[in-house]
Amino acid sequence: MHAGVGQTVAKIILFGEHSVVYGYPAIAMPLRNLRMIARVEPTTRPSELSSLGWVGPLDEAPARFASIVRAVDAALEFAGHPNARLRIETHAEFPPERGLGSSAAAAGAVIRAVLSAFDVDAEPEDLFDLTQMAERIAHGHPSGLDATATSSQSPIHFQAGATTAVQINLSAWIVVADSGIHGSTRETVGHIREEHERCPEVTRPRLAELGRITAEAVDDVRAGDVSGLGQKMNDAHRLLAELGVSNARLDQLTAAARSAGAVGAKLTGGGRGGCVIALARTSADAKRIAAALGMAGATGTWVYAPHAYEVAA
Ligand code: MEV
């Protein structure tokens, strides 16, 4: 065994968060400039973790690292060295618990780093399965969307475990803004599950509507219909709010984005905190919207040009 490195990236969900858990489609985009890097090296001491400012023995890691601990165990098991001792370090270029896929990205990066340290090759399906083992610890019943999107090269359509690349033909920009509030995906996924059991006649149609919007959004993305897409973002945000996974800050930020000229805006990811995304027609609009979101209290903003699938600012 030698030192190993693994890398994944952040993601945003354009459409389909939560409804994807119930088998409906989703569209997600990896953010390749926001990386998660894991490094591992052999040690003779008990295994040690250094992540998000916490350093200590792996078996004493606080609960928020439980999915990383699971990722290490699963990868060591897969590599055939379940008792190997490692020093593990993660470095994130984006904040955790903001709907950007931090838990799946951290698990995916650690798994890749451990496997590379043992020179073990894994198929994409193996990497997905291993990441899902960790994600089940992080938030119970993951759809697999985050595990897939955080290791993708390009935007994806995801439904019931099946992934296809999506060609984004939009002449538009996407502004991502961080509300600065931690959102717990475990909590919001759990909330919708409870509502689904308690009141299926209200919850099911909302999830189905999100599914329908996402399916139509795929056509808009391919056809370059910016107005249609913006309207669907607003509709998706309203439905997610009705499902109980928005909050006052996310509603305020999406409203601020629309007032500043966004064609549409919605929360992205688990919700009740985390990030919002807004659609802008021009790069100048995107800059103005990002500034307005900053004025409205966003703690960070990023602008992407999805048509070129490159970072615009
Ligand atoms: C979280 O980024 C996305 C959710 O749809 C959960 C999942 O897909 O597992 C809320």
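The values are calculated or read from the model by the stated rules, or taken from the named source; none is laboratory data. Computed from a predicted model, the values in this text were never measured in an experiment. Here the Cβ is made from the backbone with ideal geometry for all residues, glycine too, and neighbour counts use every protein chain on show.
Mind listing just one residue for me: the one in region 23-43 that is out of contact with any helix residue (DSSP H, G or I) (no Cβ under 7 Å at 6 or more places or on another chain) and part of a strand (DSSP E or B) and, of those, farthest from T150 (Cα to Cα)?
Among them, the one singled out is P42.
Considering only region 150-183, state which residues are among the β-branched types (V, I, T) and outside any loop (DSSP other than H, G, I, E, B).
I156, T163, T164, I174, V175, V176
Any idea which residue in region 1-22 is nearest to the ligand (Cβ to nearest atom), counting only those that are part of a strand (DSSP E or B) and hydrophobic (A, V, I, L, M, F, W, C)?
I13
Of these, A61, A28, A74, A38, which one is over 30 Å from R204 (Cα atoms), aliphatic (A, V, I, L, M) and surrounded by 24 or more Cβ atoms within 10 Å (Cβ to Cβ)?
A38
Scan region 244-265 residue by residue and report those that are surrounded by fewer than 21 Cβ atoms within 10 Å (Cβ to Cβ) and not hydrophobic (A, V, I, L, M, F, W, C).
Answer for region 244-265, where residues must be surrounded by fewer than 21 Cβ atoms within 10 Å (Cβ to Cβ) and not hydrophobic (A, V, I, L, M, F, W, C): G244, N247, R249, D251, Q252, R258, S259, G261.
Does any residue of region 197-205 turn out to be surrounded by 17 or more Cβ atoms within 10 Å (Cβ to Cβ), under 21 Å from K232 (Cα atoms) and modelled with pLDDT under 95?
Within region 197-205 (the criterion being surrounded by 17 or more Cβ atoms within 10 Å (Cβ to Cβ), under 21 Å from K232 (Cα atoms) and modelled with pLDDT under 95), the answer is no, since none of the residues qualifies.
Evaluate region 88-100: report whether one residue or more is acidic (D, E), closer than 27 Å to G269 by Cα and part of a loop (DSSP other than H, G, I, E, B).
yes
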